[in-house]
Amino acid sequence: MKPADTLRLLALSAIWGASFLFMRIIAPVLGALPTAFFRVTLATLGLVVILLVLRVQWNFKGKLRTAMVLGMINSGIPFAMYSLAAKVLPAGYSAILNATTPLMGVIIGALFFADKLTINKIAGVVLGLAGVVVLTQAGPVPMTPPMMLGAGACLIATAC
């Protein structure tokens, strides 16, 4: 990997990781749904600027409803769930649970899209989940019912 690529990857990682910290600060003040709304709105504005700069033609060809449903599944629900979780979970826990996204991809692919489960995929999911358990159990925060609900909200987000 080129040094410039490494730098971009590190910058993206820092931005994404910081988003959990900002949600942890903002969600208790604004509430979960307004936090998710503002996050999606800011992302929309950024994408609109990029599309305008690139002069991309916007033509949904009758697929606006499908695009909106996908947007709800890929952005709306996950950001609402992360915002709900941010009210009870430390930011680091939300970031750790976010790392289950590829694991959920393997599980959902096998359950709904006929993706073949191999021994390597199963081992990867098991080891990944074990790693998440170890990291969350090593922290100073006890697993109370609200914490478990917050973790569940993060897992719903990663499943989306």
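We did not get these values from a lab; they are worked out from the coordinates using the rules stated. Just so it is clear, the model here is predicted, and its values are computed rather than measured. FYI the Cβ positions are ideal-geometry reconstructions off the backbone, even for glycines, and counts take in every protein chain you see.
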Where nothing but the Cβ of Lys and Arg (+1) and of Asp and Glu (-1) is charged, how large is the charge dipole of the stretch 3-159 around its Cα centre, in debye to the nearest 20?
-> 400 debye
Here the membrane-span-like helices of the chain, with no claim about any membrane, defined by DSSP H, Cα axial extent at least 30 Å and mean Kyte-Doolittle at least 0.0, are 3-30, 32-54
Grab the DSSP H runs of the chain that are 4 residues or longer, score each as -39,500 (n - 2.57), total them, divide by all residues and round the 222 nm result to the nearest 500 deg cm²/dmol.
-> -25500 deg cm²/dmol
If you average the sequence gap of Cα pairs under 8 Å that are 6 or more apart and divide by the length of the stretch 3-159, what percent do you get for the contact order?
-> 33 percent
Which entry in [x] 49, 44, 39; [y] 42, 36, 30; [z] 68, 58, 32 is this structure's computed Cα extents along the principal axes in Å?
-> [x]
